[in-house]
Amino acid sequence: SEKEGIGVVSYYDDEFPEILRHCMNEDGKEDPPVVLYYKGDWSVTQMPGLAVIGTREMIKEGESAGKYLAGEFAKRGFCIVSGLAIGCDTSGHRGALDAGGKTIAFLAHGLDTVYPPENTDLANEIVEKGGLLISEYPIGFPVSRYTLVARDRLQAGMSLATLVVHTG
């Protein structure tokens, strides 16, 4: 991790985000991550978070709305939290960055790769502009249906509210 520029914070460290200590899984049970791996500026975890989520197959109006709303919240001091997926997640991250705000992308795999690969440039830009990539998975851990679903609890758990931009 150190060689790749990846930091590590555990549940037992003072730096672990308090809000994530009580995140819930789909069964309504507390399910905080034990370890978080990250690239970028860890201090953004102290900002109030707003999750931006929705479909991957969005229409043009949904994309515009996602960028606009994420940008407006970012201008008001919220960190936009999403999962780097194509569609609504991308519009949320892009809106925050375009407004000069901060964004956190929770990834469903190790931080040595980016999924989807089409968002590699966006992932790099998030880090370059003072944002953060976070995963509960170590280097080399592959993406799967399970990890994509499990990551959703972290996006919600890091956020004070969730904005659903567009659904199917």
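The values are calculated or read from the model by the stated rules, or taken from the named source; none is laboratory data. Every value quoted in this text rests on a predicted model; they were computed, and no experiment measured them. Cβ coordinates were reconstructed from backbone atoms using ideal geometry, including for glycine residues, and neighbour counts include every protein chain displayed. For accessibility, only protein heavy atoms count, side chains too; no ligands or nucleic acids. Shrake-Rupley method; radii C 1.70, N 1.55, O 1.52, S 1.80 Å.
Take His166: with every protein chain present and a 1.4 Å probe, its accessible area is about 40 Å².
Once a ≥ b ≥ c are taken as the square roots of the eigenvalues of the Cα gyration tensor of segment 1-72, is the result rounded (a/c under 1.5), prolate (a/b larger than b/c) or oblate (a/b not larger than b/c)? Prolate. In the chain, the DSSP-assigned H stretches of four residues or longer account for a calculated mean residue ellipticity at 222 nm of -9000 deg cm²/dmol, using -39500 (n - 2.57) per stretch and the full residue count as denominator.
Annotation for Tyr146 and Ile59: the two label points, set 7 Å from Cα along the Cα-Cβ direction, are 3.8 nm apart. With a cut-off of 20 Å, note down the residues of segment 83-104 whose backbone N falls inside the zone around a label point 7 Å from the Cα of Gln46 toward its beta carbon. Those under the cut-off are 101-104. Leu154 contributes about 0 Å² of solvent-accessible surface, heavy atoms of the protein only, 1.4 Å probe.
Using r as the Cβ-Cβ distance of Asp14 and Asp98, and R0 as 25 Å, what FRET efficiency do you calculate, to the nearest 0.05? The pair Asp14/Asp98 has a calculated efficiency of 0.15. With a ≥ b ≥ c the root eigenvalues of the C-alpha gyration tensor of segment 50-168, is it rounded (a/c under 1.5), prolate (a/b larger than b/c) or oblate? It comes out prolate by the Cα gyration axes.
Shape verdict for segment 124-165, please, from the Cα gyration tensor: rounded (a/c under 1.5), prolate (a/b greater than b/c) or oblate. Walk me through the numbers before you get to the answer.
Numbers: a/c = 2.08, a/b = 1.06, b/c = 1.97.
Here segment 124-165 falls in the oblate category.
Exposed loop sites here are trypsin sites (Lys or Arg not before Pro) assigned a DSSP state other than H, G, I, E or B and surrounded by at most 16 other beta carbons within 10 Å; excluding them, the longest clear run of the chain is 77-128. A simple spin-label model places the labels of Thr120 and Lys75 3.4 nm from each other, with each point 7 Å out along Cα-to-Cβ. Summarising the strand pairing of the chain, around 40 percent of its internal DSSP beta bridges are antiparallel. Rolling a 1.4 Å probe over the protein chains gives Phe141 an accessible area of about 80 Å².
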